[in-house]
Each structure stands twice: as structure tokens, then as C-alpha cells.
């Protein structure tokens, strides 16, 4: 089984510049997470862009959708910023013959305490066993696209409703 990882940036890849007290999206950490995790499955990593999710546009979402539509893989994990992850998942729902899992982190992967590694692991498990569709793996849960929202006040993802 081969899994294609698509990286788009977001908090998972942010670097903190202490002297400036600001963050910047850096290179993807997915390869490091998979190497450190000693994974034993086929995968590759494709970087489409390095953006904070608040900067992701409708054109960017279409670029992701078109890349997957034109690609030959059937299982995808997309690392994405958390603020607009549900919106991107909605756009990808039209791709009904693929299993797509979006994930990211609420704190940068480079921090000592982060949810990044756990979330990537959840996404890997989900993409291997879920039926074709679009999912979000965050906050220790897996949600179907369209049925999830980010609760900014509680800093977690939760089911809508």
C-alpha cells in the first residue's frame, strides 16, 4: 500500500523566531515524523505550497483538488493549517474514488509538546482502513468532511451540531 503525502504548510510546519516573536511556515516536517516513527510502508511526499491556512485561497484549494484528480494514487494524507482545514475538506469531497485524510497541528511540530506526531499517526491509520471519502484526523478523533469544525475557544476540533 502506498500513501501520498501532500504538504501545504500550516502550524505543523511553523518555525518560531524568538528574537522576532513571530512564526513563519518552514519546510515540511512530515518526512522527519515518518523517519523517526520507523514506518514500514511505501510513501512519498509532495509539497504543493507552504502557507498559513488563513492565506489559502479558493485557487489553492482547486490546485489541491486538481492535483489529486489527475494523480494515480488512491490514498492521500494532506498536512494543512487548522483554521481553514474544514473548508479544504469540503472542496475535496467531490473526489469520491480516493481516501483523503487532512491533518495538521495546533502547535508546531518543532515544539517539545505538540500534537503533530499523534495527528500524523492517526491520519496514517485512518487512510489505511477508511473507505473512500474525505476525513479530518485531529484532536484524537476522525471526522468526515462536512461534519467537523474547529472550536477556537477550546483549541480543538469537534463534531458539528
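Every read-out reported here was derived from the displayed coordinates using simple, explicitly stated rules and does not represent laboratory data. None of these values were measured; they are calculated from a predicted model. Counting neighbours? That spans all protein chains shown, and the Cβs are built from the backbone with ideal geometry, glycine included.
The Cα-based radius of gyration and maximum Cα-Cα distance (Dmax) for the stretch 64-147 are 12.3, 38 Å. Per residue, the Cα convex hull of the stretch 102-148 amounts to 63 Å³. Both numbers refer to the Cα atoms of the chain; Rg and Dmax are 14.5, 47 Å.
From least to most packed, judged by other beta carbons within 10 angstrom and beginning with the fewest, 2, 98 follow the order 2, 98.
Look at the alpha carbon pairs under 8 Å that are at least 6 residues apart: their mean separation over the length of the chain gives a relative contact order of 23 percent. Fully extending the segment from residue 160 to residue 113, taken as 0.36 nm per residue of separation minus the present Cα-Cα distance, adds 14.2 nm. Taking other C-beta atoms within 10 angstrom as a stand-in for reagent exposure, 92, 106 fall in the order 106, 92, fewest first. Computed per residue of the chain from DSSP H runs no shorter than four, each worth -39500 (n - 2.57), the mean residue ellipticity at 222 nm is -8000 deg cm²/dmol. Among 71, 97, sorting on how many other beta-carbon atoms sit within 10 Å of each Cβ, with the fewest leading, yields 97, 71. Between residue 149 and residue 1, full extension at 0.36 nm per residue minus the direct alpha carbon distance yields a gain of 50.3 nm.
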